[in-house]
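Single-structure report; data block below.
The values are calculated or read from the model by the stated rules, or taken from the named source; none is laboratory data. Remember, it's a predicted structure, so these values are computed and weren't measured experimentally. Here Cβ is always computed from backbone atoms with ideal geometry, including for glycine, and neighbour counts include all displayed protein chains. Calculation scope for accessible area: heavy atoms of the full protein, side chains included, ligands and nucleic acids excluded. Shrake-Rupley method; radii C 1.70, N 1.55, O 1.52, S 1.80 Å.
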Amino acid sequence: MTRPRLYSGMQPSADSLQAGNYIGALLQWREMQSSYDAFFSVVDLHAITVPQNPEELREKTRRTAAQYIAAGIEPSKSTLYVQSHVRAHAELAWILSTITGFGEAGRMTQFKDKSQRYGQDSTSVGLFTYPVLMAADILLYQSELVPVGDDQKQHVELTRDLAERFNSRFGTTFTVPTPVIQKDTARIYDLQNPTSKMSKSAESDAGVLWLLDDPAKSAKKIMRAVTDNEGSVRFDRENKPGVSNLLTIYAALTGRQVGSIEDEYAGRGYGDFKKGLAEVVVDEFGPVRERANALLDDPAELDRLLAANAARADEVADATLADVYERVGL
Ligand code: ADP
Ligand code: NA
């Protein structure tokens, strides 16, 4: 029986992933990898749409791949590879760019946000066509499902439009993918600023829980997390975003219901609750950190794994690309 295809990826934009990447992406991926023929990529071609130091980029890419594996993505079950190792991504992106409307690309809200952050003069054309590369990533593998955060939903919509457009112009070539939008219970916010998403590219990392951080540091960040004056451990996203965020993390990492955690801490202060959460986080991230470090200590083995997986990705991607060339007349 063939499993339906699934594609997802993450940018190697930091030395460590953060708790949101782990809870919002890796835990889901790990869960889905048995039922789907999953392709998980470290999207380094996406990362270079903003300036990168070459040495550091290569290192971040390896570290990101190591964290996928350390978090339980199994390279023998899923295809876990580095995007730039598979040449077809850039080639298909070019072809798809020729059927993408300029206005259509201009409506992508993430580009508007990012280009504002970098300023017009240091905004590259690559940043503008970022969603087209993402469409290529997804379509190359004939992916049926694409797990993404809310902010990527528009890009998957564009991917669907491009797939349908190509199929109607050149004959059925691509599977039209469906986004799997992350649940609210998997969305993690910054510990210091609990109304913005936790992010590995946050300006300050005071509110970011790093997967590979020293456990004592993570515990300290949790103890300092912003809460409120009410003093009761109660989920209320609107009025108690800090406490609600901590409850979300607690529940996601333990598999417990928020209500049962509220009950456990009823009548106790935030100090106790934070201590409990710090233990949960250290227990969960500690082993991941150890496995990641072990993988990074054996670069030859990690490279071998990534090369073998890239070869598997190549096979599928090349078949799609050959079909595309044929149909377009190349
Ligand atoms: P970052 O903002 O850390 O650079 P990315 O944009 O590279 O994260 O996202 C990589 C994956 O991690 C995506 O699937 C995204 O939905 C998920 N993710 C990122 N931040 C969070 C968060 N704060 N909460 C839940 N999921 C997140
Ligand atoms: Na694999």
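Key figures
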| quantity | calculated |
| --- | --- |
| Selection count, region 7-60, where residues are polar (S, T, N, Q), closer than 25 Å to residue 113 by Cα, within 16 Å of ligand 2 (Cβ to nearest atom) and in contact with an Asp or Glu (Cβ under 7 Å, 6 or more places away or on another chain) | 1 |
| Test: residue in region 233-240 that is farther than 16 Å from residue 25 by Cα, under 23 Å from the mean Cα position of the chain (by Cα) and not aromatic (Phe, Trp, Tyr) | no |
| Set 243, 281: member being of a type in the set (Val, Ile, Thr), closer than 28 Å to residue 16 by Cβ and out of contact with any Asp or Glu (no Cβ under 7 Å at 6 or more places or on another chain) | 281 |
| Region 72-82, subset touching a residue at least 24 places away in the same chain (Cβ under 8 Å) and open to solvent by 10 Å² or more (accessible area, probe 1.4 Å), residue farthest from ligand 2 (Cβ to nearest atom) | 72 |
| Lone unmet requirement of (1) of a type in the set (Asp, Glu); (2) open to solvent by less than 60 Å² (accessible area, probe 1.4 Å); (3) assigned to a loop (DSSP other than H, G, I, E, B) for residue 314 | (3) |
| Count - residues of region 198-210 that are surrounded by 17 or more Cβ atoms within 10 Å (Cβ to Cβ) and within 29 Å of residue 158 (Cα to Cα) | 4 |
| Residue 69 vs. criteria within 16 Å of ligand 2 (Cβ to nearest atom), over 19 Å from residue 205 (Cβ atoms), part of a helix (DSSP H, G or I) and not charged (D, E, K, R) | yes |
| Matching residues, region 29-47, being under 12 Å from the mean Cα position of the chain (by Cα) and closer than 21 Å to residue 2 by Cβ | 29, 40, 41 |
| Failed criterion for residue 47 (all others in (1) of a type in the set (Gly, Ala, Ser); (2) closer than 21 Å to residue 139 by Cα; (3) open to solvent by 10 Å² or more (accessible area, probe 1.4 Å) hold) | (3) |
| Residue match in region 270-277 (condition: open to solvent by 10 Å² or more (accessible area, probe 1.4 Å), among the acidic types (Asp, Glu) and free of Cβ contacts under 8 Å to residues at least 24 places away in the same chain) | yes |
| Flag if residue 65 is closer than 29 Å to residue 166 by Cα, of a type in the set (Gly, Ala, Ser) and buried (at least 23 other Cβ atoms within 10 Å of the Cβ) | no |
| Selected residue (only one of 58, 63, 3 is away from ligand 1 (no atom under 11 Å from the Cβ), modelled with pLDDT under 95 and of a type in the set (D, E, K, R)) | 3 |
| Cross-chain or 6+ apart pairs with Cβ under 7 Å, region 211-232 first and under 17 Å from residue 193 (Cβ atoms), then among the polar types (S, T, N, Q) and part of a loop (DSSP other than H, G, I, E, B) | 226/192 |
| Among (1) among the polar types (S, T, N, Q); (2) more than 27 Å from residue 197 (Cβ to Cβ); (3) modelled with pLDDT under 95, the one test that residue 124 misses | (2) |
| Single match in 12, 75 (criterion: more than 14 Å from ligand 1 (Cβ to nearest atom) and either at pLDDT below 95 or closer than 22 Å to residue 298 by Cβ (or both)) | 75 |
| Residues within region 145-178 that are among the hydrophobic types (A, V, I, L, M, F, W, C) and in contact with a Pro (Cβ under 6 Å, 6 or more places away or on another chain), tallied | 4 |
| Yes/no for residue 189 being within 16 Å of ligand 1 (Cβ to nearest atom), open to solvent by less than 60 Å² (accessible area, probe 1.4 Å) and among the aromatic types (Phe, Trp, Tyr) | yes |
| In region 3-40, the residues that are open to solvent by 40 Å² or more (accessible area, probe 1.4 Å) and not in a helix (DSSP H, G or I) | 3, 4, 5, 15, 34, 35, 36 |
